[in-house]
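The next block holds one structure in the form of structure tokens; read it before the comments.
What follows draws every value from the coordinates through simple rules; no lab data is involved. The shown structure was predicted, so the numbers you read here are calculated from the model rather than taken from an experiment. Methodologically, a virtual Cβ is constructed for each residue, glycine included, from the backbone with ideal geometry; neighbour enumeration extends over all protein chains shown.
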Amino acid sequence: MEKVKKSTIFKDGVIGANPVLVSLLGLCPALAITTSIDNAIGMTFAVLIVLLLSNVSISLLRKIIPDEIRIPVFIILIASFTSCVDFLMHAFTPTLYESLGVFIPLIVVNCLILGRAEAFASKNSVGNSIIDAIGMALGYGVALFIISFVREVLTSQSLTLSNPFDTTQSVTLHLIDSLKISLFGESSGAFIALALVIAVITAIKLHKEDKKSALTSKQGGK
């Protein structure tokens, strides 16, 4: 297998193959829980822990897991780590746990987690699998943060950040006065927010490609 730089693996996770904004993976929680920044941070933390532990364990066991049962083994490992995260969040961050609801145990069937296990961790070293997990989780978190920011600000005209271990400790920033769109707090608003974010990112990407092509054509014509 061709050796890939760790920096490339990390950048692909965050930008090039962003799980939500490019690969469109894990959209259920991305659309359901992104009503606030706190939810986005909590879900990102849960996904990071599960993805990191599953990638490491699957990479370590990749040479002894028979191909015929690899998917069931991956699911069992992911389910075990998800259960641990579920219990810990229930015990130490009950308010956040209630806010995220069923989407924490549903990490077991999150196509991002299983997809990285099958496509990357089962074929690469532990070191690269760790970088992949961190990059993908960070990319997932960035996407959730952007969508949550758009939805929360347009819905409430403000942004609230709170301590997940003590919800009485919070800071609210009032950002806008003249614009309030309650639709973004609804399920349909989540689809619109995601579409807007993807549209902006795609437009920026196409603009850069056009600029690069124009520069290449100009240099070739000399």
3J(HN,Hα) from dihedral phi, segment 126-137, Karplus parametrisation 6.51/-1.76/1.60, rounded to Hz, x for glycine, proline
4, x, 5, 5, 5, 4, 4, 4, 5, x, 5, 5
Taking the chain as a Gaussian network, Cα atoms linked when under 10 Å apart, which of 195, 143, 46 shows the biggest mean-square fluctuation?
195
Expressed as a whole-number percentage, the relative contact order of segment 66-222 with C-alpha contacts under 8 angstrom and at least six residues apart is 16
Which of the pairs 5/205; 11/123; 5/212; 6/123 have their Cα atoms more than 21 Å apart in this structure?
5/205; 5/212
Using the Cα centre as the reference, give the magnitude of the dipole from point charges on the C-beta atoms of segment 6-174 (Lys, Arg: +1; Asp, Glu: -1; all else neutral), rounded to the nearest 20 debye.
480
Assertion target for 89, 43, 136, ordered by fewest C-beta neighbours within 10 angstrom first, is 89, 43, 136
Cβ charges +1 (Lys, Arg) and -1 (Asp, Glu), total dipole of segment 1-62, debye
300
Sequence-distant or interchain residues sharing an amide H contact under 5 Å with residue 160, placed H: which?
37, 173
In a shell of Cβ-Cβ distance under 14 Å around residue 100, excluding residue 100 itself, what net charge do Lys and Arg (+1) and Asp and Glu (-1) give?
-3
Considering only 100, 39, 145, whose Cα is most displaced toward the positive end of the charge dipole of the chain, charges sitting on Cβ of Lys, Arg (+1) and Asp, Glu (-1)?
145
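I need the calculated FRET efficiency for the pair residue 170 and residue 90, taking r as the beta carbon distance and R₀ as 25 Å, to the nearest 0.05. Before the final figure, lay out the partial values.
Numbers: r = 21 Å, r/R0 = 0.84.
Calculated transfer efficiency: 0.75.
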Ranking 49, 82, 155 by how far each Cα lies towards the positive end of the charge dipole of the chain (+1 on Lys and Arg Cβ, -1 on Asp and Glu Cβ), the top one is 49
Please order 217, 148, 23 by the number of other Cβ within 10 Å, starting at the fewest.
217, 23, 148
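Which of 152, 68 comes first, and how do the rest follow, when ranked by fewest Cβ neighbours within 10 Å?
Working: 152 24, 68 7.
Least crowded to most crowded, the residues run 68, 152.
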Please provide three numbers in whole Å: the alpha-carbon extents of the chain along the principal axes, with the largest listed first.
67, 59, 27
